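A short write-up of the structure that comes next.
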Amino acid sequence: MIDFDPRSVYEAAAGDFSDARSTLYPYANERVLDGLRIRPNDQIFDAGCGAGDMAVLAAGLVGEGGSVLGVDIAPSMVRLARERARKAGVTHARFLVGDFEYMALEPESFDVVVCSFGIFFAKDVDATLRKLWRLLRPGGRLALTTVGRNFFSPVSGVFMDIAQSRLAALSIPQPWKITEDLADLRITATRAGLHSPCLEHEDYLVRLEDVSDWWRIIQGSGLRAITMLMDTKTLGEVRTTTEAWMREHDIRALTFGINYLFAEKLTRQRENEQ
Ligand SMILES: C[S@@+](CC[C@H](N)C(=O)[O-])C[C@H]1O[C@@H](n2cnc3c(N)ncnc32)[C@H](O)[C@@H]1O
């Protein structure tokens, strides 16, 4: 199996990321921010902040008495996040290039921790989740979103099969699969010590104006990693074959399944009562 290197994949995908993200999962922001019950003055950590979509919205909710720290491993994503904050006039959100798996941050130093579509890129998901949980103060809230079953289906499966047929010797990396199953995600969360996590899966329909829209999505998503394994000629053939399949099956929408996880850390008082 080839390694999935999030830094190089998202460096390559950065230019297309915002377009793909706004097509593929605009719904996630509102639901996550709602579930986190963000309050004025909260201090927020956004692990794998990408282009700052969630962080800048969260900054608006905490107000200038609060703060947001966004960390991403891909420098181009951090540049996009800083630019987004600047355009929104947000001065209390900071963005740093870093690896959320290994960053040294003070335990119990945040009220809210969010990791939106990033945790599955960790080499050790259990340890990373445990670490994120430790960053929360008592009474703090954590939210994760992961790609669920129905990732961009039915096209992603067809695309993978066609790509795999051209890359026979290679095993295609799909790190998001590790957290796609809600029951497994619950086990992971429990192992990491999260208190009574609430999990839910929701399928969203992503309408395609045109068959070629799926390509825009791929370019700005983790699927970019698979396109990076092919030379231009092979890639062109894979794209044409996938689009022919989509036309033949009259595919006008994709299903995008999202897993949501919310957990709240007990306050010291409630911990003592238990
Ligand atoms: C699918 S994107 C999601 C971005 C953002 N959270 C959002 O919801 O728009 C995943 C992001 O996680 C980042 N990432 C992956 N592994 C990381 C790590 N170990 N440390 C920091 N960032 C990471 C990638 O660079 C990418 O920007």
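Just so you know, all these numbers are worked out from the coordinates, no wet-lab data involved. Note that the coordinates shown come from a computational prediction; the quantities given were computed from them, not determined experimentally. FYI the Cβ positions are ideal-geometry reconstructions off the backbone, even for glycines, and counts take in every protein chain you see.
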Filter the chymotrypsin sites (Phe, Trp or Tyr not before Pro) in segment 82-111 down to the DSSP loop ones having no more than 12 other Cβ atoms within 10 Å, then list what survives. Tyr102
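Taking square-rooted eigenvalues a ≥ b ≥ c of the alpha carbon gyration tensor, is segment 226-274 rounded, prolate or oblate, where a/c under 1.5 means rounded and, failing that, a/b exceeding b/c means prolate?
On the way: a/c = 10.39, a/b = 2.84, b/c = 3.66.
Taking the square roots of the gyration eigenvalues as a ≥ b ≥ c, segment 226-274 is oblate.
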Inter-label distance, nm, simple model (7 Å from Cα along the C-beta direction), Asp34/Thr232: 4.6
Which loop-located GluC sites (Glu not before Pro) does segment 171-231 contain, where loop means any DSSP state but H, G, I, E or B and the Cβ has at most 13 other Cβ atoms within 10 Å? Glu209
Quick one: if you stick a label point 7 Å off each Cα along the C-beta vector at Arg268 and Glu248, how many nm between them? 6.6
Could you tell me how many degrees, from 0 to 90 and to the nearest 10, lie between the Cα long axis of helix 155-166 and the main elongation axis, the longest principal axis, of the Cα atoms of the chain? 60
Could you work out how far the C-alpha centroid of segment 104-119 sits from that of segment 140-213, in angstrom? 21
For the chain, find the longest principal axis of its Cα atoms and tell me its angle to the long axis of helix 75-87, 0 to 90°, nearest 10. 60
Shape verdict for segment 14-105, please, from the Cα gyration tensor: rounded (a/c under 1.5), prolate (a/b greater than b/c) or oblate. rounded
Scan segment 1-68 for GluC sites (Glu not before Pro) in coil per DSSP, keeping those whose Cβ has at most 14 other Cβ atoms within 10 Å, and list them by number. Glu64
Within the under-11-Å Cβ sphere about Lys177, not counting Lys177, Lys/Arg +1 and Asp/Glu -1 give a net charge of -2
222 nm mean residue ellipticity, helices alone, for the chain (DSSP H n ≥ 4; -39,500 (n - 2.57); rounded to 500): -13000 deg cm²/dmol
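Not counting the cut sites, what is the longest span of the chain without trypsin sites (Lys or Arg not before Pro) that DSSP labels loop and that have at most 14 other Cβ atoms within 10 Å?
Numbers: sites that count: Arg37, Lys123, Arg252.
By the stated rule (loop sites, at most 14 other Cβ atoms within 10 Å), 124-251.
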Report, in degrees rounded to the nearest 10, the 0 to 90 angle that the Cα long axis of helix 125-134 makes with the longest principal axis of the chain. 30
Across segment 1-155, what fraction of all alpha-carbon pairs, as a whole percent, falls in each successive 5 Å bin from zero upward? 2, 9, 19, 23, 23, 15, 7, 2, 1, 0
Would you work out which of Ala74, Ala59, Cys49 lies farthest towards the positive end of the dipole of the chain? Charges go on Cβ: Lys and Arg +1, Asp and Glu -1. Ala59
About its Cα centre, segment 1-68 carries a charge dipole, from +1 on Lys and Arg Cβ atoms and -1 on Asp and Glu Cβ atoms, whose size in debye to the nearest 20 is 260
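At R0 = 30 Å, how high is the FRET efficiency between Met103 and Asp19 if r is their beta carbon distance? Nearest 0.05 is fine.
Working: r = 29 Å, r/R0 = 0.95.
With a Förster radius of 30 Å, E is 0.55.
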Amide H to amide H under 5 Å from Gly70: which residues, 5+ apart in sequence or cross-chain, H placed 1.01 Å off N in plane? Asp46, Arg94, Phe95, Leu96
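Quick check on the chain: take the gyration tensor over C-alpha atoms, sort the square-rooted eigenvalues as a ≥ b ≥ c, and tell me if it's rounded (a/c under 1.5), prolate or oblate. Don't skip to the end; give the middle numbers.
Values: a/c = 1.94, a/b = 1.67, b/c = 1.16.
It comes out prolate by the Cα gyration axes.
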What list of ³J(HN,Hα) values in whole Hz, one per residue of segment 167-175 in order, does the Karplus curve 6.51 cos²θ - 1.76 cosθ + 1.60 (θ = phi - 60°) give from phi, with Gly and Pro shown as x? 10, 3, 7, 9, 9, 6, x, 9, x
